[in-house]
1. What's the number of the condition residue 101 fails, among (1) part of a helix (DSSP H, G or I); (2) modelled with pLDDT under 95?
2. Assess whether residue 52 counts as being within 24 Å of residue 129 (Cα to Cα), surrounded by 14 or more Cβ atoms within 10 Å (Cβ to Cβ) and modelled with pLDDT under 95.
3. Say whether the condition of being at pLDDT 95 or above, touching a strand residue (DSSP E or B) at 6+ places or on another chain (Cβ under 8 Å) and either assigned to a helix (DSSP H, G or I) or surrounded by 19 or more Cβ atoms within 10 Å (Cβ to Cβ) (or both) is met by at least one residue in segment 56-63.
4. Within segment 14-33, which residues are surrounded by fewer than 22 Cβ atoms within 10 Å (Cβ to Cβ), more than 10 Å from the chain's Cα centre (by Cα) and touching a residue at least 60 places away in the same chain (Cβ under 8 Å)?
5. Residue check: is residue 120 modelled with pLDDT under 95, within 14 Å of the chain's Cα centre (by Cα) and surrounded by fewer than 20 Cβ atoms within 10 Å (Cβ to Cβ)?
6. Give me the pairs, please: first residue somewhere in segment 75-90 and at pLDDT below 95, second residue anywhere and assigned to a loop (DSSP other than H, G, I, E, B), beta-carbon distance under 8 Å, and either six or more positions apart or on two chains.
C-alpha cells in the first residue's frame, strides 16, 4: 500500500515523536523512507512577528539541520532502516508538498505541535496547510508538550 514514506522533521523534539511511527510503517510495508527538513526562508516582517532575529545565520541553520538529519539517518540505520535525507529551503508547507510529489511519496508522516489560538495565528500552521493541500495521505502524530511542576 505504501511504497515511499516521507517523514518531515524540523530538528525539534516535537517532530521526533513521529520517528517511531515512521519506523513501524516503513517496516510494516517494506517501504522506502525519506527524512525531509525545510529551513524556512522568511522576510524581516515575518521574522519580527515570529520573534526570530532577521539577521539569523541561515548558513549555520542549514549546517545544523544537515548534521541533525545525518544523525537521525545513522540512528535509523542502526535499527535496520535505510533512509534518504533531503534538506530544502523555502516556505515549509509548500516545500513539503513539492518534495512529496518529486519523491513520489505515498504517505507523509509529520507531527503537530498542537498550537491553537494566538500561537497558531502568529506562527501559521504548516500542518494545516499540508493536511488541506497534500495529494497523498498524511499521518499526523500529535506532540504534547510536557510541563514540569516548575512551570
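1. Unmet for residue 101, out of (1) part of a helix (DSSP H, G or I); (2) modelled with pLDDT under 95: (2).
2. When the stated conditions are applied, residue 52 does not pass them.
3. Looking through segment 56-63, none of the residues is at pLDDT 95 or above, touching a strand residue (DSSP E or B) at 6+ places or on another chain (Cβ under 8 Å) and either assigned to a helix (DSSP H, G or I) or surrounded by 19 or more Cβ atoms within 10 Å (Cβ to Cβ) (or both).
4. 17, 21, 25, 31
5. No; evaluated as a whole, the condition is false for this residue.
6. Cβ pairs passing all conditions: 89/41; 90/41.
The values are calculated or read from the model by the stated rules, or taken from the named source; none is laboratory data. Here the structure is a predicted model, which is why all the values come from computation and not from measurement. Here the Cβ is made from the backbone with ideal geometry for all residues, glycine too, and neighbour counts use every protein chain on show.
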